[in-house]
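Chemist: Quick one: structure below, then a few questions.
The values are calculated or read from the model by the stated rules, or taken from the named source; none is laboratory data. Just so it is clear, the structure is predicted and the values come from calculations on it, not from any experiment. No Cβ is skipped: glycine too gets one built from the backbone with ideal geometry, and neighbour counts run over all protein chains shown. The accessibility values were calculated without ligands, DNA or RNA, using every heavy atom of the protein model including side chains. Shrake-Rupley method; radii C 1.70, N 1.55, O 1.52, S 1.80 Å.
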Amino acid sequence: MNSVIGKLQTVQSRIAQACRAAGRPVDSVTLLAVSKTFPAEAVREVFAAGQREFGENYVQEALDKIATLADLRSQITWHLIGPLQSNKTRPVAEAFDWVHSVDRLKIAQRLSEQRPAGLPPLQLCLQVNISGEASKSGVAPEALGDLVIAVADMISAQRDGSGLGGARLRGVMCIPEAAGDEAAQRKPFADMRRLFGAARDRLRGHAPDQAADFDTLSMGMSADLKAAILEGATIVRVGSALFGARSAPA
Ligand SMILES: *Cc1c(COP(=O)(O)O)cnc(C)c1O
């Protein structure tokens, strides 16, 4: 089972098993195929096997791939999962469907303002630096609640002004430090689930019209997707288990 179809089926059955172990419906978890460093043709193969959600880390690489795969644009949902600088927000707002790596209000505001009016709102997740690593981006866990409220206020103000919401706040994303066994892997994901719940409760009290949109826990990768699903992940982001090992560190 080394073919693309075989790898995709293997990952799908790992997700299904984890859902059963968690007592969750299989369709409560979305598989995001992380195609960073792999060429457009590799995306095309995985697409042909039935996959529709794809994640990219590097803005320029992603824009090139999205352009090459323009014939599939209406069928693929493109997610940016890598760090985003404020001078790169415009092409991202124009080309992607989701951004998982928002870590400050300014980025959310620019993305929302720059989202073209003819497109559906851009779907945003806030990245949380759950393991507190200096090398990782993301808002500090204790600052998440305030950022959720600030982004929700920004979205409300834009809606009032234009009648168009350029963005929706969908949830949170994290990349915990690698851990050995399943129990150690679950710990940061459990922390994330609690933070997510607390932020959602605050949003319900503050901007109830936006609380229903806040439904996404983007966490879990090739090595730890089971632990993430046991702790409530709704999107798992899987690269190497689908595409193979990456040659460049990424
Ligand atoms: C690369 C990457 C992934 C996928 O990692 P794998 O271990 O290859 O599955 C998921 N999320 C983010 C943010 C990444 O950068």
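Chemist: Please pick out the residue among ALA40, ALA67, ALA117 that is in contact with a Lys or Arg (Cβ under 6 Å, 6 or more places away or on another chain) and farther than 30 Å from ALA140 by Cβ.
Modeler: Only one candidate passes the filter, namely ALA40.
Chemist: If you check ILE155 against the conditions, is it more than 24 Å from ALA228 (Cα to Cα) and crowded, with 16+ Cβ neighbours inside 10 Å?
Modeler: In short, yes.
Chemist: Tell me the residue from GLN85, GLN75, GLN60, GLN51 that is within 21 Å of SER35 (Cα to Cα), touching a Leu at 6+ places or on another chain (Cβ under 9 Å) and of a type in the set (S, T, N, Q), please.
Modeler: It is GLN51.
Chemist: Here's another thing I want to ask about it. Give me a count of the residues in region 189-206 that are touching a residue at least 40 places away in the same chain (Cβ under 8 Å), touching a strand residue (DSSP E or B) at 6+ places or on another chain (Cβ under 9 Å) and open to solvent by less than 20 Å² (accessible area, probe 1.4 Å).
Modeler: Number satisfying all stated conditions: 4.
Chemist: If we keep just the residues of region 229-247 that are within 11 Å of the ligand (Cβ to nearest atom) and open to solvent by 20 Å² or more (accessible area, probe 1.4 Å), which is modelled with the lowest pLDDT?
Modeler: This residue is ARG246.
Chemist: Here's something else I'd like to know. Quick one: in region 214-227, which of the residues that are within 14 Å of the chain's Cα centre (by Cα) and open to solvent by 20 Å² or more (accessible area, probe 1.4 Å) is farthest from VAL148 (Cα to Cα)?
Modeler: Checking each candidate, the answer is MET221.
Chemist: Sticking with this structure for a sec: Return the residue satisfying two criteria in turn: it lies in region 41-71 and is within 15 Å of the ligand (Cβ to nearest atom) and of a type in the set (Phe, Trp, Tyr), and of such residues it is nearest to VAL236 (Cα to Cα).
Modeler: Residue satisfying both the conditions and the ranking: PHE54.
Chemist: Within region 24-40, take every residue that is open to solvent by 70 Å² or more (accessible area, probe 1.4 Å) and assigned to a loop (DSSP other than H, G, I, E, B) and give me the one that is farthest from the ligand (Cβ to nearest atom).
Modeler: Selected residue: PRO25.
Chemist: If GLN75 satisfies all but one of (1) surrounded by 16 or more Cβ atoms within 10 Å (Cβ to Cβ); (2) outside any helix (DSSP H, G or I), what's the number of the condition it fails?
Modeler: The one condition GLN75 does not meet is (1).
Chemist: Shifting gears a bit: Taking GLU177, is it closer than 17 Å to ALA233 by Cβ, open to solvent by 10 Å² or more (accessible area, probe 1.4 Å) and touching a helix residue (DSSP H, G or I) at 6+ places or on another chain (Cβ under 6 Å)?
Modeler: no
Chemist: When region 195-228 is examined, which residues are found to be over 27 Å from PRO121 (Cβ atoms) and either in a helix (DSSP H, G or I) or touching a Pro at 6+ places or on another chain (Cβ under 9 Å) (or both)?
Modeler: ASP224, LEU225, LYS226, ALA227
Chemist: Right, something else. Have a look at GLU53, GLU61 and point out the one that is in contact with a His (Cβ under 8 Å, 6 or more places away or on another chain) and either surrounded by fewer than 23 Cβ atoms within 10 Å (Cβ to Cβ) or over 20 Å from VAL172 (Cβ atoms) (or both).
Modeler: GLU53
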